[in-house]
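The structure under discussion appears below in the form of structure tokens.
The values are calculated or read from the model by the stated rules, or taken from the named source; none is laboratory data. Just so we're clear, the structure is a prediction, and the values are computed from it rather than from any experiment. Using ideal geometry, Cβ is built from the backbone for each residue, glycine included, and neighbour counts are taken over all protein chains shown.
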Amino acid sequence: MEIESKKGHIEMNKRFVAVLIIFVLAFSFGGGSSYVGADDDNGPYTPGYWKHHLSAWTGYSPDMTIIDVFIEASGPLGEQTLLEALSFNGGTGSQGANRILMRAAVAALLNAGHPGIDYPLVTSEIIQGVNGVINPGDRDEVIDLADELDAHNNGES
């Protein structure tokens, strides 16, 4: 009786180990996570992704200022870094709209500039579009462009 009990215990441990190995292998090869990085040649990605995956940035650095890229972004907005722009909240008026646009534009720029991401726009189109509507810009125009870029960043294009 005791031997049968030990055999059953051993068989149960073998099944547990087999399931554990399958889980570890599946997770290691992406099957356990739907959130993969640009290093895996996927995307496009949202501002939240880029904010937390600095090593995936190509062509731009987190400490570059907004005005380094978007030359029409004057004043305090232009002095903020690209990394800071990814955390911008909106607000009222043209300043709030510009902040919404910058959050979406920086993510769009990083998506378009990454060689492993198929993005519908190239970086020069993004830069030209942003420079064409920002400061002081018509709020509705700025928000329209932000919405378009946000849709692209969410893979909705």
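General remarks:
- Residues in the range 37-58 that are touching a helix residue (DSSP H, G or I) at 6+ places or on another chain (Cβ under 9 Å), at pLDDT below 95 and assigned to a loop (DSSP other than H, G, I, E, B): Gly37, Gly43.
- Here Glu125, Glu156, Glu148 are screened, and the one residue that is under 21 Å from Gly90 (Cβ atoms) and at pLDDT 95 or above is Glu148.
- Scan of the range 59-117 for residues that are surrounded by fewer than 17 Cβ atoms within 10 Å (Cβ to Cβ) and either of a type in the set (Val, Ile, Thr) or at positive phi (or both), ordered by number: Gly59, Thr65, Ile67, Ile71, Gly75, Thr81, Gly91, Thr92, Gly93
Condition check ((1) in contact (Cβ under 8 Å) with a residue 24 or more places away in the chain; (2) over 22 Å from Ile67 (Cβ atoms); (3) in a helix (DSSP H, G or I)) across all residues:
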{"residue": "Ile117", "(1), (2), (3)": "yes, yes, no"}
{"residue": "Pro120", "(1), (2), (3)": "yes, yes, no"}
{"residue": "Glu125", "(1), (2), (3)": "no, no, yes"}
{"residue": "Gln128", "(1), (2), (3)": "no, no, yes"}
{"residue": "Pro136", "(1), (2), (3)": "yes, no, no"}
{"residue": "Asp140", "(1), (2), (3)": "no, yes, yes"}
{"residue": "Ile143", "(1), (2), (3)": "yes, no, yes"}
{"residue": "His152", "(1), (2), (3)": "yes, yes, yes"}
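- Matching residues, the range 144-157, being surrounded by fewer than 18 Cβ atoms within 10 Å (Cβ to Cβ) and not acidic (Asp, Glu): Ala151, Asn154, Gly155, Ser157
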